[in-house]
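Input: a single structure, listed below in structure tokens.
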Amino acid sequence: MLPFHIVCPDEGFTTKWCLTIIGNPKRRINTTYDVIDFYCVDPSCDCQKVTLSIVKNNTIKASVSYGWKPAAFYRNWGVDQEMADLLTHGFLDPYAPQSKDAEAIFHHVSYLLTQPEGPQFFKKRYALFKKTLNGGDPIPEKKKRKSSVIPFPSRHPSF
Ligand SMILES: [Zn+2]
């Protein structure tokens, strides 16, 4: 997995996503985080998901994995039903760094994912990321890997 802004620097550095949380009732968070979106770098893989690192002071405070496709899409990849359902709502990735504020951050992120702009944002970035990896072409139909194993969950490169 690589961050979007590394593969697509032109777009990536101009559309940086920040998450501002004001007055979270449980943990009293009042701060702004940087959100870094990671996508899979296999040019023939069409896994349609993103892993988000929510970062403050160069430290990952929460890691969220999310897929914008219906659960059936991930089921076809060989993901079990529970994981497929988790992906479609987004979840705190147990294999990636989290912090004591992760649950509270996730509460806000998961709300954003239920808004129409959320899925659209990542869908667009995923498409551009894959297109860039493929030298300007979207993933060719015949090149698409027919895999029964989705490379998931994945570890982050460390900061
Ligand atoms: Zn993939």
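Ser158 meets each of the listed conditions (1) at pLDDT below 90; (2) within 14 Å of the ligand (Cβ to nearest atom); (3) under 22 Å from Tyr33 (Cα atoms) apart from (2).
Taking the range 82-127 as the range and being of a type in the set (A, V, I, L, M, F, W, C) and not in a helix (DSSP H, G or I) as the test, the residues that pass are Phe91, Leu92, Ala96.
Residues being more than 14 Å from the ligand (Cβ to nearest atom), in a strand (DSSP E or B) and closer than 30 Å to Asp137 by Cβ are entirely absent from the range 72-81.
Among the residues of the range 28-39, those identified as surrounded by fewer than 19 Cβ atoms within 10 Å (Cβ to Cβ) and under 20 Å from Thr14 (Cβ atoms) are Thr32, Asp34, Val35. Entry remark, the range 2-28: residues being in contact with a helix residue (DSSP H, G or I) (Cβ under 6 Å, 6 or more places away or on another chain) and either modelled with pLDDT of 80 or more or not charged (D, E, K, R) (or both) number 8 in total.
The sole residue among Ala62, Ala104 that is away from the ligand (no atom under 16 Å from the Cβ) and out of contact with any Lys or Arg (no Cβ under 6 Å at 6 or more places or on another chain) is Ala62. Does the range 40-51 include one or more residues that are surrounded by 15 or more Cβ atoms within 10 Å (Cβ to Cβ), under 14 Å from the mean Cα position of the chain (by Cα) and hydroxyl-bearing (Ser, Thr, Tyr)? Checked against the condition, which is being surrounded by 15 or more Cβ atoms within 10 Å (Cβ to Cβ), under 14 Å from the mean Cα position of the chain (by Cα) and hydroxyl-bearing (Ser, Thr, Tyr), the range 40-51 yields at least one hit.
Selection of the range 12-58 for residues being within 16 Å of the ligand (Cβ to nearest atom) and not charged (D, E, K, R) yields Phe38, Tyr39, Cys40, Val41, Pro43, Ser44, Cys45, Cys47, Gln48, Val50, Thr51, Leu52.
The values are calculated or read from the model by the stated rules, or taken from the named source; none is laboratory data. Please read these numbers as outputs of a predicted model, since none were measured by experiment. Here Cβ is always computed from backbone atoms with ideal geometry, including for glycine, and neighbour counts include all displayed protein chains.
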